[in-house]
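Data block below; observations after.
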Amino acid sequence: MVTQYGIKYAVNLITAHFGDLVAKVCECLLRRGPLTLQAIVRSTELTSSQVKNSLLVLIQHNCVQAFILDQTGEHGDGAKQSTQYIALFDNIIQRWRFPKFLTMVSKKLDKQCVELLEGLLQHGRLTLKQMFDRAKSGQNEGDDVVQEAFVKLLNAHFIERCPASEPVLTNPTKEEEAARKRAAKSGKILEVQETLEQRVVEAAMPTEALRFLFATETEPTADGGKDKSNSSSVTLGEKRKHDAIESKAESGATDEQVVLWRANIDEFIRHLRHKACIENVRARFDDGAVIVFGAMLEATRSAEKKVKTENSVPLSLSSIYEEVIKSEEGRNITFDRVRASLVQLSCPPFVKAANESYSVDFKKIIELAQHEEVESIVLKRYGRDAYRMFRLLSNSGHLLETDKVADATFVEKKETPIILYKLWKDDYLQLEKLQIGVKQTPFQLWKVNKSTLKVHVLDEMFHAAFNLSQRVAFELEQEKELSNVLQDKRVNRLRKRLLLESSQMKLDDAIMLFHDF
């Protein structure tokens, strides 16, 4: 979901990384949705050359995707095709998380992999030859070392082939058009645009057989030629048939002399999502349950087709135990202990059991974590009494009258409506008035609308992230100006900035919980 402060935050990131000109084009696309080149020129009042160069930068760094909209005439006229550009909000906000991605690779792989990934994150898209050249200019590493690091990243799915440059998207169906009109009437235009963004991304994505395919015969070596020493292909995941690869080559997917690669953001977010789920389990259960839960995530990760998977694929008890004992800490756990841990994890239902198989309930874990985060915000901002009221209404799931809220939370009846009004004014509660008699005062009924509250809380988080990023930029400018002053003042400035950056990291974890997970 794209909120108003989410757009401001994204534009601020683009401004910091690429300047005002590129940010102006990006903001135009974020606010207005998909546009043709001519429409962007008219809207931004920039020259055609400026807009083209800005779009090239944004496409190079995976922040904008071009696509061809195939519009068939209403009365059977010929199809009309136009190239449009859409801003990829999700990819834009990931740019702040690049240090997290590099840290993750440094822990799981080696230094060469980190350097290779750093180049991809810095330049957006690179060919293998460009990766070789960059590695040689840096530390004089051989082609074999770079290729080995490349294959490691590919095996871990941390990098992938770039999407199609201009996928063809057909007109929405009648049902989709009807849903769009209903959304427009209810003021949910931004949610519709997000659905369109997902359609474009899916249309541009290479097939699974090609996304993580490294065909050595088509990749250039460091001197620009082809490597004839090995005409086999290194494939990842399940073994694929050679004729399937050849059929894709006919469509121009593998017969190009140059194949572009980029970081696979989905895989990094999937790892961060799993890490957040493990931490949630760690806060509630013992180490044994955490080890079993982590083993289930490791065993089912490759089967997840999208980041926001609601449930993992089911595993038998034997399969779970087999995965548990792969780790050193898991070898101390017995078969019966694994079974007992699964029973523990079933309440709350973090793990669901059916037909002697077990699966992770990601949806329940994330929803519970989101709920606890909102409760924490209410407690810090409005106090203990407001927290008890909010929790009561959230758990009840239906409308409650003011006096019932006061009785259930043991709060003074005079204070109750004041606190409830404050929560309602800040969009944390929903208020409905029930008129029974003409002369009687209407009853005030309160409830928590979790779907709208989630959007509101996320927008507040983007607002805070926007403010923090501007403050950090200000502190950096101040540090430059104070380069010639006393050492103590510079140290104090540095401490303040590091504290702000630490707050940014924690806030970004909360944003991921509500937006990416």
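The values are calculated or read from the model by the stated rules, or taken from the named source; none is laboratory data. These numbers come from a predicted model, not from an experiment. Don't worry about glycine lacking a Cβ; one is built from the backbone with ideal geometry, like all the others, and counts go over all protein chains shown. SASA here: full protein model, heavy atoms, side chains in, ligands and nucleic acids out. Shrake-Rupley method; radii C 1.70, N 1.55, O 1.52, S 1.80 Å.
Any residue at all in region 66-76 that is modelled with pLDDT of 95 or more and either within 21 Å of the chain's Cα centre (by Cα) or basic (Lys, Arg) (or both)?
Within region 66-76, one or more residues are modelled with pLDDT of 95 or more and either within 21 Å of the chain's Cα centre (by Cα) or basic (Lys, Arg) (or both).
Within the bounds of region 459-470, is there any residue that is more than 30 Å from ALA276 (Cα to Cα) and modelled with pLDDT of 85 or more?
no
Within region 316-364, can you find the residues that are on the phi > 0 side of the Ramachandran plot and either among the polar types (S, T, N, Q) or assigned to a helix (DSSP H, G or I) (or both)?
Filtering region 316-364 for residues on the phi > 0 side of the Ramachandran plot gives 355-356.
Passing the criteria: only ASN355.
Out of all the residues in region 370-389, is one or more open to solvent by 40 Å² or more (accessible area, probe 1.4 Å), in contact (Cβ under 8 Å) with a residue 24 or more places away in the chain and more than 32 Å from the chain's Cα centre (by Cα)?
Yes; the residues of region 370-389 include at least one that is open to solvent by 40 Å² or more (accessible area, probe 1.4 Å), in contact (Cβ under 8 Å) with a residue 24 or more places away in the chain and more than 32 Å from the chain's Cα centre (by Cα).
Filter region 332-352 down to the residues that are closer than 18 Å to GLU322 by Cα and of a type in the set (Gly, Ala, Ser), then identify the one that is nearest to the chain's Cα centre (by Cα).
SER341
Restricting attention to region 66-80, does a residue exist that is part of a helix (DSSP H, G or I) and surrounded by fewer than 18 Cβ atoms within 10 Å (Cβ to Cβ)?
Pass one, region 66-80, residues part of a helix (DSSP H, G or I): none.
No; the residues of region 66-80 include none that is part of a helix (DSSP H, G or I) and surrounded by fewer than 18 Cβ atoms within 10 Å (Cβ to Cβ).
For region 439-449, does any single residue satisfy the condition of being among the aromatic types (Phe, Trp, Tyr), open to solvent by less than 90 Å² (accessible area, probe 1.4 Å), touching a Ser or Thr at 6+ places or on another chain (Cβ under 9 Å) and more than 17 Å from ARG381 (Cβ to Cβ)?
Taking region 439-449 first, the residues among the aromatic types (Phe, Trp, Tyr) are 443, 446.
From what is left, the residues that are open to solvent by less than 90 Å² (accessible area, probe 1.4 Å) are 443, 446.
In the following step, the residues that additionally are touching a Ser or Thr at 6+ places or on another chain (Cβ under 9 Å) were identified as 443, 446.
Pick out the ones that are also more than 17 Å from ARG381 (Cβ to Cβ) and you get 443, 446.
Yes, because at least one residue in region 439-449 is among the aromatic types (Phe, Trp, Tyr), open to solvent by less than 90 Å² (accessible area, probe 1.4 Å), touching a Ser or Thr at 6+ places or on another chain (Cβ under 9 Å) and more than 17 Å from ARG381 (Cβ to Cβ).
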